[in-house]
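Report on the structure given below.
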Amino acid sequence: MSNNNNTDIKDCCGAFAEIGSIIQPDDTELSFPISFDSQLAADEKRSELEAYVNEQFDEEVTIDFTAQGENAYLVTLQFNCTAEKMIFEMNLRHLMA
């Protein structure tokens, strides 16, 4: 997420939250590394991610797979808004299983 210095720290019942750093309106890009045992597995996961994004989000989401070695990629997604990115992140563990 974007790391701006316009945060306001609040505490309630002993818990602290940095309000303003939790959601930033310009925080729409997500990147993460993935690796697979074979090119076939990588291609299948790419197709699965593209299908999920197309099904879940009304607006176009750009997905880029950049090779980082043999069967390893840096996946970068560009969302239209921060909420879409957060929704995707919440489902990422399930999607990568």
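The values are calculated or read from the model by the stated rules, or taken from the named source; none is laboratory data. Please read all numbers here as calculations on a predicted model, not as lab measurements. Every residue, glycine as well, gets a Cβ built from its backbone with ideal geometry; the counts of neighbours run over all protein chains shown. Heads up: the accessible areas ignore ligands, DNA and RNA and are worked out on the full protein's heavy atoms, side chains in. Shrake-Rupley method; radii C 1.70, N 1.55, O 1.52, S 1.80 Å.
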Pick out, in residue order, every one of the GluC sites (Glu not before Pro) in the stretch 58-97 that is DSSP loop and has at most 16 other C-beta atoms within 10 Å; say none if there are none.
GLU59, GLU60, GLU70
Using a 1.4 Å probe, how large is the accessible area of ILE63, given in Å² and rounded to the nearest 10?
30 Å²
